[in-house]
Amino acid sequence: MSMPVRIDDELYEQAKSASKGECRTIAGQLEFWAKVGKAALDNPDLPVEFVRELMIARQEDRKQLSTFVPGQFRG
């Protein structure tokens, strides 16, 4: 369900800018930030960047992923 919500003008502009770089709508960017924030608060022992990356990874199409093979990328 969608609901109109009032937010600070500065936060809106930040979401507008970030949404372009992350290929989301402004509403989608704000929703993503809210979900990351909630997950971070629910898991205070995890770094916020880890929570963010985990949420992005969970949205990836599993059919596009490759299998991890230990030692495959040794330099």
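The values are calculated or read from the model by the stated rules, or taken from the named source; none is laboratory data. Since the structure is predicted, the reported quantities are computational estimates derived from the model, not experimental observations. When we count neighbours, we look across all protein chains shown, and the Cβ atoms used for this are built from the backbone with ideal geometry, even at glycine.
Annotations for the structure displayed:
- Just so you know, in region 1-40 the residues that are within 17 Å of Met55 (Cβ to Cβ) and basic (Lys, Arg) include one that is surrounded by the fewest Cβ atoms within 10 Å (Cβ to Cβ), and it is Lys38.
- Residue list for region 38-75, restricted to those being under 21 Å from Arg24 (Cβ atoms) and of a type outside the set (A, V, I, L, M): Lys38, Glu49, Phe50, Arg52, Glu53, Arg58, Gln59, Glu60, Asp61, Arg62, Gln64
- Taking each residue of region 41-57 that is within 24 Å of Cys23 (Cβ to Cβ) and surrounded by 12 or more Cβ atoms within 10 Å (Cβ to Cβ) and looking for partners that are at pLDDT 90 or above and of a type in the set (D, E, K, R) with beta-carbon atoms closer than 7 Å, six or more apart or interchain, yields Met55/Lys35.
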